[in-house]
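Before any comments, here is the structure.
The values are calculated or read from the model by the stated rules, or taken from the named source; none is laboratory data. In this text the structure is predicted, and so the values were computed from the model without any measurement. Note that each Cβ is placed from the backbone with ideal geometry, even for glycine, and that neighbours are counted across all protein chains shown. For accessibility, only protein heavy atoms count, side chains too; no ligands or nucleic acids. Shrake-Rupley method; radii C 1.70, N 1.55, O 1.52, S 1.80 Å.
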Amino acid sequence: MEGKQNLDAARKCLLASLETSSAIGSALDESGSRLELLRQRCQSLQTSFRPISMQKCSFIDVGNGIDSVLCSAATVLKVFEFVQHLENSLLTDAGSDLCSYVSDAKKLEEALKLLTDNCTLAIGWLQGVLDFLQDKAITNEFYLFQVKKSLRILRELQAVEEGARVNGGFLSAALDNLETEFQRLLMANSMPIPLVSLGSHVATQALPGSVMGKLQAIIERLNANSRLDKCKSIYVEVRGRNAQRTLNTLDLSYLEIPTAKFEDVREIASYIDQWGIDLELVVKNVLDAEYMLSCRVFEKIGREASAECFARIAIRSGILSFILFGRNVSESRNDPYKLLNLLDIFSVLDDLRLKFNQLFGGKACEEIRIATKDLVNKVVNGACEIFWQLPAQVKLQRPSSPPRDGGVPRLVSFVTDYCNQLLNDTYLPHLKKVLEIHLSWRNETYEEGIVFTQIYDTIKEVAVNLDSWSKAYEDITLSYIFMMNNHCHFYNLRGTMLGDTMGDTWLGAHEQYKDYYAALYLRNSWGKLLSIIVQKDLLSSSLSSQDLGKRLHAFNVAFDERYKKESSWTICDEALRKNICKHLVECIVPIYKAYVKNYNLSIENEGMVAKHIKYTAESLENKIWSMFQPKLKKNGSVKHADWTSKIKQVSKSFRFTLAAK
């Protein structure tokens, strides 16, 4: 019973709990509906209040923008005041205190940039405020007017820098003053150097360190403001004019001689010597100094500016006129002495080669470099062309006639002296170098003996010419004189560069030939004359005084004929001439003297003696000693053409054949 009662109590308790839970559930359902309704109402309120919230945030941002504008505007005002201060300070003369002037100009550039930057920033903020006010349809015109006015003022301040830089602006005027001071400093420190009085050593004019510093400071400011071109033009104008004035202290009129004058190679040779002296002086002293000065003045802004200025100064100074002179020589008509002239030009250019490479190696000097390279090409090709043609040109002279007096032909004297010049220390090193360069252009190898081979071939052609010319004489004794003279001429080359090149064997052979033709001459010319008075029956009593007189008369006639004929002949070498005359005197005079003595003894009538004896032994000897002398002009100089006339005549003949070839 007790257990049943417990179960009933438990059931009642559970039923009560169930009823309570059901009541709570119903209450909860009712509360959820109410909460959903409240949530929906809250969302509606949130949507309604959102624009008000955003508008509040926008006003906060505008306030921040205005704060920024005010901050930038304050900075703008301070910078603008500083700009005005600098503008006033730059109204003074730049030369009075250049360092301060340059410093103020730099500060002005920086202040103007700062002014522009701050104005740009302030304009950006203020424009945003104006846009917001206009978007929200703010109707307060006063506020809008003030904002727009502030924008206009800021834009005007923003344009100050641009206005300052245009022509007439205060920064432009300050830069103009710096350009003027730059020109003044250059002109005050640029004086022409009298090259003539100083000779080959010139004390170049260096700028003081303080002046150099000022020029560099000005260049930096002008370059920073895109005015370097004007600066370079001023520099080239002043220094170029100064270089011209320096060169004007030299007599360079020969650089302007007409092209036709270049055909006279002997006359032009003296100009080439002066050309070499002047060119070396100009390059090593004037242009080298200008090169170093340009490098120093423009060293803080780069190599390109200095190279351009130097190139323009070099051209303005007249360096191309020197190159044109050399080119005119190289393009003149071919001539043997043109080779020497070309070697002289090459010598000058070769000595200056390293200096030319240093000064004119850059791109800016391309015009000078191309002109110089073209000149070197013409000099090398022209010199080699003439040198290779020398043997052929000698051969072309073979049809000409030998000298009437049996002397040494002008061609022989010219060629031997010419070869000696080519072989001396003045020309040989340059000739070898020219040939080496020319062969390298043709991908050929230079051989050390090539010059000597060409000289040998040239002399060999001379020897062949001599053999041909000797056969042109109708009188064989004159051909002996001719060959004797020329072999003596070759033998006398001993001790010269040509003689040393040809060798002792060659010289010895010519000595032997000289003696051989001398013997032939003496035997065939004067041997027959002596036979008239040299008779076995000279002392025979069968010879009457009349016969002796006839022979003496015949001797006189034969001697006079021989003397008249050979008195126009020449023995060029004095020692050889004396030797021949000595042999004649020793062979003729003693025999003649003995004959005259016998004739005197055979005659009693002194009148007859005077009739047949035309010469005393002494007068006959003097007559012989007077033979074979070079003919004299009225003024006493040798009638034979001097060396200058030889050159003109022989080189003229060479010139025509070279040109024809």
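Brief remarks on what is shown
- The average projected area of the range 372-468, computed from the convex hull of its Cα atoms over all directions, is 7.2 nm².
- FRET efficiency, 1/(1 + (r/R0)^6) with R0 35 Å, evaluated for residue 370 and residue 447 via beta carbons: 0.65
- Computed lengthening from residue 299 to residue 428, 0.36 nm per intervening residue step minus Cα-Cα distance: 42.1 nm
- Cβ-Cβ FRET estimate between residue 618 and residue 457, R0 fixed at 45 Å, reported to 0.05: 0.30
- When all protein chains stay in place and ligands, DNA and RNA are ignored, the 1.4 Å accessible-area order of 120, 246, largest first, is 120, 246.
- Annotation for residue 363 and residue 600: the two label points, set 7 Å from Cα along the Cα-Cβ direction, are 10.3 nm apart.
- Calculated FRET value between residue 472 and residue 565, using beta carbons and R₀ = 22 Å, to 0.05: 0.80
- Heavy-atom accessible area per residue - the range 410-629, 1.4 Å, Å²: 51 Å²
- Where 523, 152 fall by accessible area, highest first, once all protein chains stay in place (1.4 Å): 523, 152
- Beyond 22 Å in Cα-Cα separation lie the following of the pairs 395/631; 593/623; 528/593; 232/373; 565/614: 395/631; 232/373.
- Note on the range 447-594: semi-axes of the ellipsoid equivalent to its C-alpha gyration tensor, largest first and rounded to whole Å, are 42, 15, 11.
- Mean separation of Cα contacts under 8 Å (6+ apart) over length of the range 410-629, as relative contact order %: 18 percent
- Each Lys and Arg adds +1 at its Cβ and each Asp and Glu adds -1 at its Cβ; summed about the Cα centre, the range 380-505 shows a dipole of about 240 debye.
- Were the residues from residue 351 through residue 251 laid out at 0.36 nm apart, the gain over their Cα-Cα distance would be 33.8 nm.
- Net charge dipole size for the range 373-429 [Lys, Arg +1 and Asp, Glu -1 on Cβ; Debye, nearest 20]: 220 debye
- Distance between the 7 Å Cα→Cβ label points at residue 100 and residue 188: 1.7 nm.
- Under the simplified labelling scheme, the residue 404-residue 524 pair shows an inter-label distance of 2.2 nm, with each label point 7 Å from Cα along Cα→Cβ.
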